[in-house]
Every structure is written in structure tokens, then in C-alpha cells.
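Novice: Below: one structure in C-alpha cells.
The values are calculated or read from the model by the stated rules, or taken from the named source; none is laboratory data. Keep in mind the model is a prediction, meaning the values are calculated, not measured. Positions of Cβ are generated from backbone atoms using ideal geometry, with glycine treated the same way; all protein chains shown enter the neighbour counts. Accessible surface areas use protein heavy atoms only, side chains included; no ligands, DNA or RNA. Shrake-Rupley method; radii C 1.70, N 1.55, O 1.52, S 1.80 Å.
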Amino acid sequence: MSVSDINQLFGQTPVASEHGGLVDHMLGFVHWVMIVLGVGWSIYLCIAFYRFRQKKTANADYHGFRGHATTHIEIGVVIVEAILLLGFAFPLWSRQADEYPTSPDTIRMRALGEKFLWNFQYPGTDMMLSTWDPRNINGATNTTGKDLHDPNGRDDFVNPGTMKLPVGRPVIVDVASKDVIHNLALVPMRASQDATPGVKSHMWFKPTKEGTWDIICGQLCGPGHAQMKAILEVVPATDYDSWAKEQSDSAAKKTKEAEAAAPKPAAH
Ligand SMILES: [Cu+2]
């Protein structure tokens, strides 16, 4: 039995990312500490109720417990919590925040939240996303606000509602919002990031399991919040590659057609 088995007892979704085990390990410790604290303080409360019951002490005892036991317990709790923070939480955070993947097979994509859905923009076969600006957004022709003059964006494609990823390859997600604060919560990946208007945030993870899960919005964002669901689909890398190539080719073709149809600038 491991420390994190207790998480499953509380109904936690099984982990499906590389760093997720570390998150679960820490969460397992937190759960055990909270159980010890919850049970311990409840016992203390019962003792206090019994010792200071009205029958025995008709007048309030302004000194209460004498002795140093409670002080020592408090110091013990502070030490355990410091170990959790400095020994587990900070190293895990710095690992995720400072060590972004740089391998050439890294998928760099963008998740754009809006009331009440998610758009997922992929870089296409050039593996480069276009820059974007919320001012470029046009409901019909440019749902992600990509820069139409950025050559990296020519083969970018958008998959609304489904975040499809290959298993075993690192993914960097740029998370942004068109309107209010949302949060891209990928529970089985043990990763989530706020989508804040005007801010370009990032997160990364490496899926280790194939499967299909719900993506939820982790910030109460308005009346449609509960319906703001999307799908996370992790598939074999070869399936992902052929799907992405197909989508990318058709996006590039559409870009070409749109350029051909656009009026040419007047020659001087
Ligand atoms: Cu939302």
C-alpha cells in the first residue's frame, strides 16, 4: 500500500500523466495529515467538553488546559506542514514551472476559453502556432484570433470542444480567454491553468495513458459554467500524427483558397 492509495478511497480520478504521480504522492500525505489532525482535534474537543462541562465547573475557567501538550502539538503541525510545502509542493512546482520540455516532438497548442466552450488550436505540421490577439477574433472566420499575416498560422487548425493528444509526448498548452476568467482543468493529467483575459498563461504535461475524459472549467464563470465541458482524448502517437496532418493540410488549403479569393492590392 502506498501513501497515495487514500486518494482513490476519496474518489480521485486515476492519474494519466508523467508528473501526476508526484502530485498524488503529495496529496496522499496531505490527506493523511488532515485525517490525523481531524481525528486528533475531535478527540481533544470531546475531552474539553467533558472536562469543562457545566456540572463540574459552574463558573468559567479562564485558564483552561494547563500544561504544554497543545503547544507541542501545534509546533509539530507547523513542522509537518512546512515539510509538505518545502519538501513536496515547492520542488514539484519548480519542476513544472522551470523545466519546460524542449524536445522536437513537443506539441505546442493553445486553449482558448469563452462563455461557455473551449477552442483548441493546433500548430499544424510546421509545429509552430501563429501569434494571436483577441482583437483579431471574428465569430465566423477567425474564432481563435490568430494573426492572419503570420506565416506560422497558415496551417494552424482549430478543433472546437475536443483536445486530442498523442500518448507519451510532452504538450505545452497556452491558455487564454476571450471574455471572463475560466480554468482549463485536466484532472487526469493533474494539470490546470486559469484562462485570464489579457494574460497568456502556460502549462505542460506528458500524457502516459490513452483514454477519453471530460475537461471541465475550474472557475465559476457565469450561468453556463456547469455546461462548459470539453473532451480530452489521448490516442496513440501515430493516430494523432495522421489526424493532425490531415487537419493541417486542409487548413493550409483553405488559407490558400482564401488568399486567392481576396482582392489583390492595387499595383503602382
Ligand atoms: Cu468557464
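Novice: Ser177 fails exactly one of the following numbered conditions: (1) at pLDDT below 95; (2) more than 11 Å from the ligand (Cβ to nearest atom); (3) not basic (Lys, Arg). What is the number of that condition?
Specialist: (2)
Novice: From the list Val173, Val158, Val167, which residue is of a type outside the set (S, T, N, Q), under 19 Å from Arg108 (Cβ atoms) and touching a Pro at 6+ places or on another chain (Cβ under 7 Å)?
Specialist: Answer to the check: Val167.
Novice: Something else: Please find, among Val171, Val187, Val234, the residue that is within 16 Å of the ligand (Cβ to nearest atom) and touching a strand residue (DSSP E or B) at 6+ places or on another chain (Cβ under 9 Å).
Specialist: On the way: Val171 fails: within 16 Å of the ligand (Cβ to nearest atom); Val234 fails: within 16 Å of the ligand (Cβ to nearest atom).
Just a single option satisfies the conditions, and that option is Val187.
Novice: Still on this structure: Restricted to the range 128-140, and to residues that are over 10 Å from Asp155 (Cβ atoms) and small (Gly, Ala, Ser), which residue is least open to solvent (accessible area, probe 1.4 Å)?
Specialist: Checking each candidate, the answer is Gly139.
Novice: For Ala140, are the conditions met, namely being assigned to a loop (DSSP other than H, G, I, E, B) and not aromatic (Phe, Trp, Tyr)?
Specialist: Yes; evaluated as a whole, the condition is true for this residue.
Novice: Taking the range 1-55 only, how many residues are modelled with pLDDT under 90 and in contact with an Asp or Glu (Cβ under 7 Å, 6 or more places away or on another chain)?
Specialist: The qualifying residues number 2.
Novice: How many residues does the range 102-127 contain that are among the aromatic types (Phe, Trp, Tyr) and within 18 Å of Gly153 (Cα to Cα)?
Specialist: Within the range 102-127, the subset among the aromatic types (Phe, Trp, Tyr) is 116, 118, 120, 122.
Filter once more, keeping what is within 18 Å of Gly153 (Cα to Cα): 120, 122.
The qualifying residues number 2.
Novice: Hey, can you tell me all the residues within the range 156-166 that are open to solvent by 20 Å² or more (accessible area, probe 1.4 Å) and touching a Ser or Thr at 6+ places or on another chain (Cβ under 7 Å)?
Specialist: Residues of the range 156-166 open to solvent by 20 Å² or more (accessible area, probe 1.4 Å): 158-162, 164.
Val158, the sole residue that qualifies.
Novice: How many residues, within the range 151-169, are farther than 14 Å from Trp213 by Cβ and either assigned to a strand (DSSP E or B) or within 16 Å of the chain's Cα centre (by Cα) (or both)?
Specialist: To start, the set of residues in the range 151-169 that are farther than 14 Å from Trp213 by Cβ comprises 151-160, 166, 168-169.
From what's left, either assigned to a strand (DSSP E or B) or within 16 Å of the chain's Cα centre (by Cα) (or both): 157-160, 166.
Adding up the residues that qualify gives 5.
Novice: Search the range 92-119 for residues being among the basic types (Lys, Arg) and open to solvent by 20 Å² or more (accessible area, probe 1.4 Å), and hand back the single one that is farthest from Val30 (Cα to Cα). Steps first, please.
Specialist: So in the range 92-119, the residues among the basic types (Lys, Arg) come out as 95, 108, 110, 115.
Retained after the next criterion (residues that are open to solvent by 20 Å² or more (accessible area, probe 1.4 Å)): 95, 108, 115.
Numbers: Arg95: 20, Arg108: 33, Lys115: 34 Å.
Applying the filter and picking the extreme gives Lys115.
Novice: Could you list, in sequence order, the residues of the range 202-230 that are open to solvent by 20 Å² or more (accessible area, probe 1.4 Å) and within 15 Å of the ligand (Cβ to nearest atom)?
Specialist: Asp214, Ile216, Gly218, Gln219, Leu220, Gly222, Pro223, His225, Ala226, Gln227, Lys229
Residues are listed down the side, and each one gets a yes or a no for (1) closer than 22 Å to Val23 by Cα; (2) in contact (Cβ under 8 Å) with a residue 40 or more places away in the chain:
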position: Val187; (1), (2): yes, yes
position: Ala191; (1), (2): yes, yes
position: Pro207; (1), (2): yes, yes
position: Gly218; (1), (2): yes, no
position: Ala226; (1), (2): no, no
position: Leu232; (1), (2): yes, yes
position: Trp243; (1), (2): no, yes
position: Ala258; (1), (2): no, no
position: Ala261; (1), (2): no, no
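Novice: Still on this structure, please answer the following. Looking at the range 145-155 only, could you name the residues that are out of contact with any Lys or Arg (no Cβ under 6 Å at 6 or more places or on another chain) and within 16 Å of Gln247 (Cα to Cα)?
Specialist: Result: Asn152, Arg154, Asp155.
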